[in-house]
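Visitor: I'd like to ask you about the structure that follows.
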Amino acid sequence: MIADTPGKRFYEEQVKYLLDKDVENLVDKHYHDDAVIVSFDHIVRGKDELKAYYTQFLKSVTIERIISTDKFTETEDALMFEATVQSNHEVIKTFDALVLESGRIRLQFTGVR
């Protein structure tokens with residue numbers, strides 16, 4: 001994917017942080033202090049919980065590469081994407097919707113299949 005829009009650049013940076021397991025920059029640069037992640041398995045609130053969540057997640061899962069970004073759409077304050085990811089366990093599909101405020105995530109809905 002060519003990162004030719006603000007949303008695509010944000011997405012590419014998010015992916016880089018995850019590939020690098022760079023939890024500090026991921027959370028500090030991409031999430032508001034009171035951001036919330038919602039999934040069927042978890043609700044994570046605030047930077048401390050976000051850092052703990054991503055640290056634990058990335059201890060058990062290594063994202064080896066993004067095989068494809070299958071769908072992507074954006075507005076000035078939201079991103080939504082579907083991606084196919086190779087992890088150390090298996091190939092997974094991830095589905096995310098991000099609500100942004102001032103260029104950082106306020107609310108994220110996420111799921112995998």
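Quick note: the coordinates plus some simple rules give every number you see, no bench work behind them. Everything numeric here is computed off the predicted structure, so don't read it as measured data. Positions of Cβ are generated from backbone atoms using ideal geometry, with glycine treated the same way; all protein chains shown enter the neighbour counts.
Visitor: With label points built 7 Å along Cα→Cβ from the Cα atoms of T55 and E90, find their separation and express it in nm.
Guide: A separation of 2.9 nm, rounded to one decimal place.
Visitor: If you don't mind, there's one more thing I want to ask. Would you work out which of V99, F10, H32 lies farthest towards the positive end of the dipole of the range 6-112, given +1 charges on the beta-carbon of Lys and Arg and -1 on that of Asp and Glu, about the Cα centre?
Guide: So the residue we want is F10.
Visitor: So, with +1 on the Cβ of K and R and -1 on the Cβ of D and E, and no other charges, what is the size of the charge dipole of the chain about its Cα centre, to the nearest 20 debye?
Guide: 240
Visitor: To continue, here is another question. Kindly identify the chain as rounded, prolate or oblate by the Cα gyration tensor criterion: order the square roots of the eigenvalues as a ≥ b ≥ c, call it rounded if a/c is under 1.5, otherwise compare a/b with b/c, prolate if a/b is larger, else oblate.
Guide: rounded
Visitor: I've got another one for you. Quick one: net charge around L100, please, counting Lys, Arg +1 and Asp, Glu -1 for every other residue with C-beta under 10 Å from its C-beta.
Guide: Overall, the nearby charge balance is -2.
Visitor: Under a 5 Å amide H to amide H cut-off, with H placed in plane at 1.01 Å, what residues pair with S87 once short-range neighbours are removed?
Guide: Placed amide hydrogens put E64, I92 under 5 Å from S87.
Visitor: Highest first, please rank the peptides 5-13, 88-96 by the mean number of other Cβ atoms sitting within 10 Å of their residues.
Guide: My ranking of the peptides, most packed first, is 5-13, 88-96.
Visitor: Label points 7 Å out from Cα along the Cβ direction at E101 and I2: separation in nm?
Guide: 3.4
Visitor: Per residue Cα convex hull volume for the range 9-75, in cubic angstrom?
Guide: Looking at the range 9-75, the number lands at 115 Å³ per residue.
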